Amino acid sequence: MAIDEIYIKRCLELASISEGLTSPNPLVGAVIEYDGKIIAEGKHAFYGAPHAEPDAISKVKNVELLKKCTLYVNLEPCCHHGKTPPCTEKIIASGIPRVVVAAKDTSEKVNGRGIEILRSAGIDVKVCVLEKEARHLNRFFYTYHEKKRPHIILKWAQTLDGFIDSDRQTGDIPPARISNSLTQILDHRWRSACQAVMVGKNTVIMDNPNLTVRRWYGKNPLRITIDRNGELDSELYNFFNSQAKSLIFSPKTGYGKNAETSKFTALEDIVAELYRRRIQSLTVEGGTKLIESFIACQLWDEAKIFKGNLNLGKGVKAPVICGKTVSEESLGSDTVISIENY
């Protein structure tokens, strides 16, 4: 591995520490190298905190060294005012002569201008080092800005014989336990990394889910469902009775103090509304009908399937999906399958 790739890899490691904490900002890590050694590291710790580049620069005790350093960062430095000043200004003022960037920031506010500003100031800028890895880390950010919609992940657990649940006529019967405790922890880790999680009305009725982060550290996602005929009673379901916020696409209002409503139209319009609300990532957790509607509209980027080590023989069939299988990993008695649509 080339020396620039080694330092960019470290930037990616630093950035990933803040998974789920920086939205709608991207995950960014920065490294400052002097004479073959890392003398400072930084990261964007959470939304509103200093960006990675100023964070790293501020940790260099002998500022005279900066004039002989290389700054490594996994995303193009910003060049606009937000909650913090432009990173390009801080880099230029520091006197750093060389910057290595893993991937360009393709959002409208940056889109190459950060690199241009640094080069215009006489800084040597190298771009596209481990670009594929850098884009994957910030895939939510890139999907949002390039496709003008959230990055959509479809997720479900299924048995060896292809069922997601037994045949249940009422919510009095608990759902089939398909995944093990390890995959349930992974499920909550992934949930904490997403801004929103969505289920259908029947899933709310039959499973009475919380859809919160309980087995992992992190923020609860915005919980979303569709109640097109205004049938759900907010007094009956965990979905409405917690501190986590909810968004219901429904013609009625009055679901509770932590619930907002929006008019239901087509699935594409729901996705457009989430884009308007700056939701960069959405996990669709069921049921089969809702997941298959996203598949039919080609509105998905990833699928995460937990395959449990049991058979039901009959029940509710799991969704059928076509895409590129990128990994199959064992986690205890379960298999975790990752599929991509991009």
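The values are calculated or read from the model by the stated rules, or taken from the named source; none is laboratory data. From a predicted model like this one, the values you see are computed outputs, not experimental measurements. As a convention, Cβ positions derive from the backbone with ideal geometry for all residues, glycine included, and neighbour counts pool all protein chains shown. Surface areas here come from the heavy atoms of the whole protein model, side chains and all, with no ligands, DNA or RNA. Shrake-Rupley method; radii C 1.70, N 1.55, O 1.52, S 1.80 Å.
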From (1) hydrophobic (A, V, I, L, M, F, W, C); (2) within 30 Å of A296 (Cβ to Cβ); (3) assigned to a strand (DSSP E or B), pick out the condition that doesn't hold for L71.
(2)
Test set (1) open to solvent by less than 60 Å² (accessible area, probe 1.4 Å); (2) farther than 20 Å from T203 by Cα; (3) among the hydroxyl-bearing types (S, T, Y) - T283 fails condition number:
(2)
Which count do you get for residues in region 220-235 that are open to solvent by 50 Å² or more (accessible area, probe 1.4 Å) and modelled with pLDDT of 90 or more?
5
Out of (1) out of contact with any strand residue (DSSP E or B) (no Cβ under 9 Å at 6 or more places or on another chain); (2) within 19 Å of L12 (Cα to Cα); (3) of a type outside the set (D, E); (4) surrounded by 20 or more Cβ atoms within 10 Å (Cβ to Cβ), the odd one out for Y47 is which?
(4)
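State the number of residues belonging to region 1-30 that are closer than 19 Å to T84 by Cβ, aliphatic (A, V, I, L, M) and buried (at least 22 other Cβ atoms within 10 Å of the Cβ). Give the steps one after another, and end with the answer.
Initially, region 1-30 is screened for residues closer than 19 Å to T84 by Cβ, giving 11, 14-15, 17-18, 21-30.
Next cut, aliphatic (A, V, I, L, M) only: 14-15, 17, 21, 27-28, 30.
Keeping just the survivors that are buried (at least 22 other Cβ atoms within 10 Å of the Cβ) gives 14-15, 27-28, 30.
Result for region 1-30: 5.
Restricting the search to region 172-193, which residues are assigned to a loop (DSSP other than H, G, I, E, B), open to solvent by less than 60 Å² (accessible area, probe 1.4 Å) and out of contact with any helix residue (DSSP H, G or I) (no Cβ under 8 Å at 6 or more places or on another chain)? If you could, list the steps in order and put the result at the bottom.
Residues of region 172-193 that are assigned to a loop (DSSP other than H, G, I, E, B), as a first pass: 172-180.
Remaining after also requiring open to solvent by less than 60 Å² (accessible area, probe 1.4 Å): 175-176, 178-180.
Result: A176, I178, N180.
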Only one of (1) open to solvent by 40 Å² or more (accessible area, probe 1.4 Å); (2) in contact (Cβ under 8 Å) with a residue 60 or more places away in the chain; (3) on the phi > 0 side of the Ramachandran plot is not met by L312, so which one is it?
(3)
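Can you find, within region 320-334, the residue that is least open to solvent (accessible area, probe 1.4 Å) among those that are in a loop (DSSP other than H, G, I, E, B) and over 23 Å from I185 (Cβ atoms)? Let's see the steps before the verdict.
If we filter region 320-334 for residues that are in a loop (DSSP other than H, G, I, E, B), which is where we start, we get 320-323, 332-333.
Next, from what is left, pick out any that are over 23 Å from I185 (Cβ atoms): 320-323.
Values: V320: 113, I321: 30, C322: 109, G323: 47 Å².
Step by step, filter region 320-334, then rank; the result is I321.
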